[in-house]
Amino acid sequence: MKTDRLDELLQCLLDGTLDDASREELDAQLLDSPEARERYRRTSAVHAALMRHASSELPSFADPHPEPRKIIRFPWRTLAAVAAVAMLIAVVDWIAVEQIRPKAEVLKVGQATWPDGARELTTGRLRANEPVELLAGRIELGYPSGARVVLEGPCRFNLESKEALTVLHGRASVHAPEGAEGFRIDTPGGNFIDRGTEFGVAVGSDGTNPVVLTEVFKGEIDVLTGQESELRLKGGESRGLVRDGAMIESLDESPIRLANSLHSQPSVSESDTANLALGKPVMSPGYCTRPHGSVFPPDNLTDGRLDDSGVPGDWSFWLAPDGESGEFTVDLIDTTSISRVSLQNTTNRSIDDRGIGRFEILGSLDNKHFEPLVEGTLPRTDPSLYGESLPFHDFTFPISELRYVKVVVLSHYRHPKRAANHPCQGGGLNEIRIFAE
């Protein structure tokens, strides 16, 4: 933008001497530059004020015999031109706003749970720049380009532009068809730009820094971490973004795998009121902790989240310490009549190096003296089921009055191709349900 030339054009416009070529030149500058439009508004305002002052009545102490006044012709032509340009600017501004206005739609909401007092999403237009928190369930978003995103709770996200989504926590699976290239997922650890693909991200934390996992299911994506370099990943490739934008290719000597939620449905839970274990405290002598948010505490066993879901620092399942089968105890808080326990085994996100084999279940009233209830064996979970509904297995026994239910793992599964003394193995379980009958 040439400021001197703009001033000249605006002066000609207000004087009514702007020819057609100069008018086109002015219009082009106003269309191309917000600064030019703002300068035009200020100049017009000053000109209008001067016009009002020039047409005001003389003060009472003026010369009673003034010289004959010249006839001032009202500048209809100038004002018409000003009005036309003002309308043009308004239209251009409206078009610009419409072009950047987010237009994502909520396509589906399934089994959703929201924080107390939070706005609950329904199908329809998604508001821009309004953070959304989903405690549990799933939301599917659709974009004008045809891009589709499935988000799983717990999740926090925000819509900021019409072909991008900011995910602050949680899991998202993206499908961007041909024509939607450039769709972007922004996270605290980096940005993921679609190049015609399906991919997933999991946004979590190691307790101090964000940890973001990504896997390309098919196609390609670009990964930007704020550093000078960028990485293009192709179908079947994955990475973890950790401290200071560093990228890792594996977690705990295991490949990074994410579930593709675009083509699956979540497990349907039994009634919360029927499951006596839901939300109850769980105690364990130990649990697995490893770097980059690989933490698997026992309270995951009663949180209601299934199917090896979650993100770094917030996984849905329990793992015993490395190399141990492990045990845990559920406190039902009150003495309760129970006769059935239902268990969902884990495959550790398809890594296939954990899970309960043989076990025994014991019960107690005081957490000191335990009586055996039932013994059993959980089958190994098929790692190819990762991303789908993992099965539950029921174990029944005579009805008993109990407060504490203990599961002692007698054997566990390990990776079939690793040495028996490999550290990444041990007992593990996704969820325990306890029922009266």
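The values are calculated or read from the model by the stated rules, or taken from the named source; none is laboratory data. Please read all numbers here as calculations on a predicted model, not as lab measurements. All Cβ positions, glycine included, derive from the backbone under ideal geometry; neighbour counts span all protein chains shown.
Identify, by number, the condition in (1) in a loop (DSSP other than H, G, I, E, B); (2) at pLDDT 95 or above; (3) charged (D, E, K, R) that Glu215 doesn't meet. Going through (1) in a loop (DSSP other than H, G, I, E, B); (2) at pLDDT 95 or above; (3) charged (D, E, K, R) one by one, Glu215 breaks only (1). Just one of the numbered conditions (1) over 26 Å from Gly279 (Cβ atoms); (2) at pLDDT below 95 is not true of Glu437: (1). Checking Ser384, Ser400, Ser350, Ser339 one by one, the residue that is in contact (Cβ under 8 Å) with a residue 12 or more places away in the chain, more than 20 Å from Cys288 (Cα to Cα), of a type in the set (S, T, N, Q) and in contact with a Pro (Cβ under 8 Å, 6 or more places away or on another chain) is Ser339 and no other. What is the number of the single condition among (1) touching a helix residue (DSSP H, G or I) at 6+ places or on another chain (Cβ under 9 Å); (2) buried (at least 18 other Cβ atoms within 10 Å of the Cβ) that Ser161 does not meet? Status for Ser161: all satisfied but (2). Filtering Lys417, Lys406 for residues that are over 31 Å from the mean Cα position of the chain (by Cα) and without any contact (Cβ under 8 Å) to a residue 12 or more places away in the chain leaves a single hit, Lys417. The residues of segment 185-211 that are in contact with a strand residue (DSSP E or B) (Cβ under 6 Å, 6 or more places away or on another chain), free of Cβ contacts under 8 Å to residues at least 60 places away in the same chain and over 19 Å from His263 (Cα atoms), listed by number, are Ile185, Asp186, Thr187, Pro188, Gly189, Gly190, Asn191, Phe192, Ile193, Arg195.
Suppose we filter Asp308, Asp299, Asp314, Asp303 for residues that are among the charged types (D, E, K, R) and farther than 23 Å from Gln265 by Cβ; which single one remains?
On the way: Asp308 fails: farther than 23 Å from Gln265 by Cβ; Asp314 fails: farther than 23 Å from Gln265 by Cβ; Asp303 fails: farther than 23 Å from Gln265 by Cβ.
One residue alone meets the criteria, Asp299.
Counting the residues of segment 231-255 that are assigned to a strand (DSSP E or B) and farther than 15 Å from Asp206 by Cβ gives 9.
In segment 246-266, the residue that is farthest from His292 (Cα to Cα) out of those that are in contact (Cβ under 8 Å) with a residue 24 or more places away in the chain and among the charged types (D, E, K, R) is Arg257. In the set (1) under 16 Å from Leu141 (Cβ atoms); (2) aliphatic (A, V, I, L, M); (3) free of Cβ contacts under 8 Å to residues at least 40 places away in the same chain, the condition left unmet by Leu231 is number (1). Within segment 327-346, the residues that satisfy the criterion of being of a type outside the set (Ser, Thr, Tyr) and within 16 Å of Leu362 (Cβ to Cβ) are Glu327, Phe328, Val330, Asp331, Leu332, Ile338, Arg340, Val341, Leu343. Listed conditions (1) out of contact with any Gly (no Cβ under 9 Å at 6 or more places or on another chain); (2) modelled with pLDDT of 95 or more are all met by Gly427, apart from (1). When the residues of segment 280-298 are filtered to those that are surrounded by fewer than 19 Cβ atoms within 10 Å (Cβ to Cβ) and free of Cβ contacts under 8 Å to residues at least 40 places away in the same chain, the one that is farthest from Phe435 (Cα to Cα) is Arg290.
Conditions tested, residue by residue: (1) out of contact with any Phe, Trp or Tyr (no Cβ under 8 Å at 6 or more places or on another chain); (2) more than 24 Å from Asp252 (Cα to Cα); (3) at pLDDT 95 or above; (4) among the aliphatic types (A, V, I, L, M).
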| residue | (1), (2), (3), (4) |
| --- | --- |
| Ser173 | no, no, yes, no |
| Glu178 | yes, yes, no, no |
| Val203 | yes, no, yes, yes |
| Asp206 | yes, no, no, no |
| Val211 | yes, no, yes, yes |
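Screening segment 111-123 for residues that are part of a loop (DSSP other than H, G, I, E, B) and aliphatic (A, V, I, L, M) and picking the one that is surrounded by the most Cβ atoms within 10 Å (Cβ to Cβ) gives Leu121.
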